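Report on the structure given below.
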Amino acid sequence: MSLNKLTIAGARDALRKGEVTSVEITEACIAAIDGADALNAYAHKTPELALEQAKAADARIRAGDAPAMCGIPLGVKDVFCVKGVPSQAASNILAGFRPEYESTVTQNLWNAGAVMLGKLGMDEFAMGSTTESSCYGAVVNPWKVDDALRSPGGSSGGSAAAVAADLCLAATGTDTGGSIRQPAGFTGTVGIKPTYGRVSRWGVIAYASSLDQAGPMTKSVRDAAIMLEAMASVDPKDSTSAEIPVPDYEAMLTGDIRGKKIGIPREYRVDGMSDELAKFWDEGARMLKDAGAEIVDISLPHTKYALPAYYVIAPAEASSNLARYDGVRYGHRAHLSAGDGIVEMYEKTRAEGFGPEVQRRIMIGTYVLSAGYYDAYYNRARKVRTLIKRDFEQAFAAGVDAILAPTSPTSALALGQLADASPVEMYLNDVFTVTLNLAGLPGVAVPVGLDSKGLPMGLQLIGRPWGEGELLNEALVLERAAGFTHKPAQWW
Amino acid sequence: MSIDIDTARKVAHLARIRVAEEDLPKLADQLSGILTFMEQLNEVDVTGIEPMTSVTPMRLKRREDVVTDGGYAEQILKNAPDAREGFFAVPKVVE
């Protein structure tokens with residue numbers, strides 16, 4: 001087996017036994033990346049940095065000081081600031097920006113000895129579900145079953161494609177409304193969005209601060225447990241970072257879920273759900289039942305309102321967060337004509353630097369926060385958010401341990417398939433994922449099978465706040481029962 | 001709620017994004033579509049419900065109001081499109 005195909009757990013064990021070196025694994029990944037330009041997963045490659053870090057990791061392993069992530073080559077979503085490396089959230093407005101500082105998540109990973117292969121493509125400012133809205137061009141899904149090139153989903157599409165195509169052992173992602181779980185589902189990989197506050201947002205380029213949360217995208221549930229532990233921390237630099245110690249998630253993977261109560265939310269069985277998706281969902285519930293869990297029908301009555309609430313709250317926060325891109329402190333500044341003042345500089349810079357979807361969301365956010373509409377839209381959406389969270393709280397209070405649901409209405413779409421869709425039609429992709437961002441809950445996507453087209457299908461498990469360990473254990477049971485071992489056939 | 005061209009122009013200006021006059025009708029149309037979608041929220045009875053301010057029940061952290069960071073103007077200015085003599089430089093501002 002080529003070394004780039006290793007899992008984190010497999011590589012860790014082989015590294016500790018001295019059967020392989022980090023330099024060898026890293027070289028295998030670099031070769032795989034250079035052979036995969038057709039996928040456009042990597043926006044910025046950092047092979048020299050990777051080899052330097054790999055050498056240091058090997059020395060550390062030889063010295064007997066090797067945390068689990070030591071020597072593991074990773075891809076990093078372009079939304080994370082990495083010192084000295086282009087970090088622009090796939091936006092032209094941050095062209096040329098090289099941070100003078102490091103995000104807490106990546107710092108935690110480098111402290112643990114992980115290796116940086118490069119920056120991964122994404123939807124601009126993480127706003128999108130296809131990774132087509134990017135200054136680097138669309139990322140291509142390694143899963144190809146006919147003539148069509150497919151989207152890996154989004155916004156962490158580069159991360160998902162890189163993990164599925166073995167262009168790294170794992171990758172970082174961020175999830176504001178499903179941006180880890182939906183692309184994981186589209187590429188047959190695993191992704192977890194932790195509880196809001198579990199992973200520091202410091203140095204992660206902000207989209208919607210009350211919803212954004214970073215997490216790992218991996219080849220297995222075990223790898224997600226290992227990498228989440230390394231990413232998570234209590235961080236004084238993030239005022240919403242929770243003062244709760246990070247547990248040993250891997251040690252919680254017992255594979256025993258007997259007696260656990262798994263809720264099936266009836267409102268997620270939306271009109272027009274395909275028979276195929278319904279079948280995968282039923283199958284998933286049966287697998288958990290066979291493992292000794294109790295399956296219960298539950299109601300989350302405000303589910304229908306999650307999407308419109310999300311598309312008020314997220315753009316409102318984005319309009320505020322993205323006000324910082326004004327052509328003054330970093331990134332792009334428009335060329336000005338004689339007589340142009342500072343307002344022209346702002347307006348031209350932002351028109352040139354932001355792509356169409358980002359501009360739309362900023363303007364929607366500006367509108368819903370403007371005088372006269374604040375109560376009608378923004379405050380109402382925040383009240384509905386309270387009700388959505390309450391739905392989950394009531395389910396958990398009734399004894400439900402986790403909730404099983406689909407990750408997205410379809411399998412991976414062809415590139416360009418949504419080109420003529422209205423913004424609202426595009427937003428419908430997020431119908432199953434946004435609810436738990438609004439409620440701050442953890443959710444993990446696990447691949448469970450291939451659809452009739454031969455494309456991966458994922459299911460997500462939603463857990464209690466701070467219950468990532470238990471949630472990953474339930475995901476492990478689903479992963480084992482589904483036995484998903486498919487990989488995309490290499491065509492690139 | 002439908003957004004007319006004048007409102008679209010005003011929103012674009014508030015957001016400090018230049019939108020060409022000929023692009024305003026399409027923008028108004030798209031924004032209207034999104035707002036119509038949001039109007040579903042009016043079906044929900046929110047009487048007596050508090051708007052959410054924090055998704056996890058936590059108080060924002062507080063600390064002593066003292067300087068804990070700083071002293072590296074050069075790094076702060078390093079990515080600026082135009083920096084001179086230790087300052088960010090912008091076009092002349094005349095109010």
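Each Cα pair of segment A:399-479 feeds into the Kirkwood radius, which the Stokes-Einstein equation turns, at 25 °C and 0.890 mPa s, into a diffusion coefficient of 175 µm²/s.
The fewest-to-most ranking of A:V190, A:V384 by surrounding Cβ atoms within 10 Å reads A:V384, A:V190. Calculation over all alpha carbon pairs of segment A:328-443 in 10 angstrom steps from 0 returns a P(r) of 10, 25, 28, 24, 9, 3, 0 percent. Shape class for segment A:352-414, computed from the alpha carbon gyration tensor (a ≥ b ≥ c): oblate, with a/c not under 1.5 and a/b at or below b/c. Put in order of Cβ neighbour count within 10 Å, fewest first, the listed residues A:L288, A:L149, B:L60, A:L322 become B:L60, A:L149, A:L288, A:L322.
For the protein assembly as shown, build the convex hull from the C-alpha positions and give me its volume per residue in Å³.
165
As a proxy for reagent exposure, A:M231, B:M52 were ordered by neighbouring Cβ count within 10 angstrom, fewest first; the result is B:M52, A:M231.
Give the shape of segment A:71-183 as rounded, prolate or oblate, defined through the alpha-carbon gyration tensor: a ≥ b ≥ c are the square roots of its eigenvalues, a/c under 1.5 means rounded, and otherwise the shape is prolate if a/b is larger than b/c and oblate if not. If you can, show how the numbers build up before the last one.
On the way: a/c = 1.98, a/b = 1.35, b/c = 1.46.
It comes out oblate by the Cα gyration axes.
In terms of overall dimensions, the C-alpha atoms belonging to segment A:3-255 reach 45, 43, 41 Å along their principal axes, ordered largest to smallest. The modelled label-to-label distance for the pair A:R286/A:L149, using points 7 Å beyond Cα in the direction of Cβ, is 3.9 nm.
Kindly flag which residue pairs out of A:K119/A:K383; A:K5/A:K45; B:K26/B:K92; B:K10/B:K78; A:K193/A:K261 have an alpha-carbon separation exceeding 30 Å in this structure.
Beyond 30 Å between Cα atoms: A:K119/A:K383; B:K26/B:K92; B:K10/B:K78.
If R0 equals 35 Å, the separation of the Cβ atoms of B:E74 and A:A63 corresponds to a calculated FRET efficiency of about 0.45.
Residue ranges A:198-211, B:18-31 sort as A:198-211, B:18-31 when ordered by packing (mean number of other C-beta atoms within 10 Å per residue, highest first). Computed from Cα atoms alone, the Kirkwood hydrodynamic radius reported for chain B is 19.2 Å.
Bear in mind these aren't lab numbers, they're just calculated from the coordinates by the rules spelled out. Computed from a predicted model, the values in this text were never measured in an experiment. Backbone-built Cβ (ideal geometry, glycine too); neighbour counts: all protein chains shown.
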